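The values are calculated or read from the model by the stated rules, or taken from the named source; none is laboratory data. Since this is a predicted model, take the numbers as computed values, not measurements. Here the Cβ positions follow ideal geometry from the backbone for every residue, glycine too, while neighbour counts run over all protein chains shown. Areas reflect the complete protein model, heavy atoms only, side chains present, ligands, DNA and RNA absent. Shrake-Rupley method; radii C 1.70, N 1.55, O 1.52, S 1.80 Å.
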Amino acid sequence: MKKAALHNLGCKVNAYETEAMEELLKKDGFEIVDFNEQADVYVINTCSVTNIADRKSRQMIHKCKKLNPDACVVAAGCYVQNFGKDIADELGADIILGNNKKNDLVAKVHEYFEKLDEKDGPILDYVDINEGNVDYEDMIIEKDSEHTRAFVKVQDGCNQFCSYCIIPFARGRIRSRAIDDVVNEVTGLAKAGYKEVVITGIHLSSFGTGTDFGLADLLEAVQKIDGIERIRMGSLEPQIVTEDFAKRVSALSKMCPHFHLSLQSGCNSILVRMNRKYTIEEYTKGVNILRKYFDDPAITTDIIVGFPQETQEEYNTTLDYVDEIRFAELHVFAYSKRAGTRAAKMSGQITNAVKKERSAKLISKGIENTKAYRMAHIGKVMDVLFEEKQIIDGCEYFVGFSKEYIKCMVKADDKDLSNTILKVKATEITPDNEHLLVEIC
């Protein structure tokens with residue numbers, strides 16, 4: 001039996017695809033081993049969201065040959081989609097799988113071993129994903145590395161072309177998965193014991209574009225699946241939050257009131273330079289609609305600090321906007337040049353020192369808002385899906401998440417609470433502000 005090891009870089013969509021490739025190898029008879037062990041086949045699912053991600057992808061590909069010089073090294077994903085065709089010989093990989101070609105993994109591995117004696121450069125399995133007529137690549141998982149929740153990819157590609165982002169070039173145009181296919185996969189995951197699914201995609205809000213169905217239709221279909229008790233969504237664009245969308249989604253009993261609405265900046269002039277397709281006023285409208293239909297939902301977001309030409313006034317506008325919205329959680333990123341994007345060529349690049357200072361201040365404000373949101377739940381009864389036992393400050397606790405994605409913990413006893421949903425009452429917040437301490441009702 002040959003051994004295979006896989007390593008994922010990047011987003012949850014990449015993680016899903018890595019899980020799917022692992023299952024393909026298992027079904028073909030491969031034993032899956034830890035990545036740092038010696039294997040016959042190594043698979044690196046690369047990322048290209050930043051220049052640093054590119055470098056990490058190259059480093060991991062090179063590491064494989066150090067682990068086993070005779071191994072078959074497979075490089076897949078966004079980095080090789082962007083650059084693999086041009087640098088195939090210098091990458092050091094034996095097989096290069098572009099995006100939309102990951103289902104070919106097993107066939108290409110067999111081809112590699114069958115033609116080992118006549119090897120003449122790497123095997124390249126690659127399509128021009130930006131042609132616009134590329135179909136959705138159906139992949140499926142029967143399990144997930146997570147213990148209690150499973151990520152399910154339903155959409156690929158992006159048509160937004162934000163000025164700082166390379167992903168549309170790596171993933172191609174938007175394309176969606178058939179609802180019946182998603183329902184079949186989620187049904188299998190429910191039978192395998194999963195209680196929660198996270199619906200995800202590269203640009204999830206565009207799910208169903210060009211068809212007669214949309215994201216709300218998909219969520220309504222997943223709601224009907226026995227065994228699934230919770231539904232979450234990946235990152236959304238604010239434009240999708242209409243009265244009709246919120247009304248339909250709020251009617252779903254399994255829907256978690258946790259919405260990651262992509263923001264990137266709280267200043268309209270920066271949003272224009274970023275080529276984002278909404279204004280702050282439209283974003284606020286979406287947040288208000290969600291708060292109308294859901295009771296105190298968790299609104300989380302990402303913000304890029306130090307975008308080219310960002311003035312102190314523009315930055316202060318973002319600070320004020322964060323206070324206005326009161327995000328449950330804030331992910332702050334200092335802008336980093338991405339070769340191949342318009343933003344990288346813009347004048348007025350901000351110094352690292354300024355970006356660091358602005359990031360620190362915004363992160364601090366985000367921590368304050370997160371603490372306030374969690375504190376507001378003390379005394380409330382919540383449903384928590386417990387995941388695993390952890391030792392915290394020398395004591396054993398079971399840790400899990402509320403529907404709002406608040407991390408909660410309860411002192412462990414002889415009962416195994418793993419993969420169990422229980423009603424709890426929050427009593428206090430931990431000193432590090434990371435967890436709510438709860439009691440089982």
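Scan the stretch 272-306 for residues that are more than 17 Å from residue 250 (Cα to Cα), part of a helix (DSSP H, G or I) and more than 22 Å from the chain's Cα centre (by Cα) and jot them down. Those that are more than 17 Å from residue 250 (Cα to Cα), part of a helix (DSSP H, G or I) and more than 22 Å from the chain's Cα centre (by Cα): 272, 273, 280, 281, 282, 284.
With respect to residue 348, determine if the residue is small (Gly, Ala, Ser), exposed (fewer than 15 other Cβ atoms within 10 Å of the Cβ) and either outside any strand (DSSP E or B) or touching a helix residue (DSSP H, G or I) at 6+ places or on another chain (Cβ under 7 Å) (or both). Yes: the conditions hold for residue 348.
Of the numbered criteria (1) of a type in the set (Val, Ile, Thr); (2) open to solvent by less than 30 Å² (accessible area, probe 1.4 Å); (3) touching a residue at least 60 places away in the same chain (Cβ under 8 Å), the one residue 384 fails is (3). Restricting the stretch 8-17 to residues that are over 16 Å from residue 199 (Cα atoms) and at pLDDT 95 or above, the residue that is most open to solvent (accessible area, probe 1.4 Å) is 8.
In the stretch 27-43, what count of residues is obtained for those that are part of a strand (DSSP E or B) and without any contact (Cβ under 8 Å) to a residue 40 or more places away in the chain?
Total satisfying the criteria: 3.
Identify all residues within the stretch 18-34 that are buried (at least 18 other Cβ atoms within 10 Å of the Cβ) and more than 25 Å from residue 201 (Cβ to Cβ); write none if there are none. Working first, answer last.
Within the stretch 18-34, the first condition is being buried (at least 18 other Cβ atoms within 10 Å of the Cβ), and the residues that meet it are 18-22, 24-25, 30.
Hit for the stretch 18-34 is 30, nothing else.
One residue is enough: does the stretch 65-75 have a residue meeting the conditions in contact with a Gly (Cβ under 9 Å, 6 or more places away or on another chain) and touching a residue at least 40 places away in the same chain (Cβ under 8 Å)? No, that holds for no residue. On the basis of being open to solvent by less than 30 Å² (accessible area, probe 1.4 Å), within 21 Å of residue 127 (Cα to Cα), modelled with pLDDT of 95 or more and not in a strand (DSSP E or B), does residue 162 make the cut? The answer is no for residue 162. Just one of the numbered conditions (1) more than 23 Å from residue 387 (Cα to Cα); (2) touching a residue at least 60 places away in the same chain (Cβ under 8 Å); (3) open to solvent by 60 Å² or more (accessible area, probe 1.4 Å) is not true of residue 210: (2).
In the stretch 35-46, what residues are surrounded by 24 or more Cβ atoms within 10 Å (Cβ to Cβ) and more than 15 Å from the chain's Cα centre (by Cα)? Listed by number, the residues that qualify are 39, 41, 42, 43, 44. Against the conditions (1) under 30 Å from residue 416 (Cβ atoms); (2) touching a Leu at 6+ places or on another chain (Cβ under 9 Å); (3) among the small types (Gly, Ala, Ser), residue 192 satisfies every one except (2).
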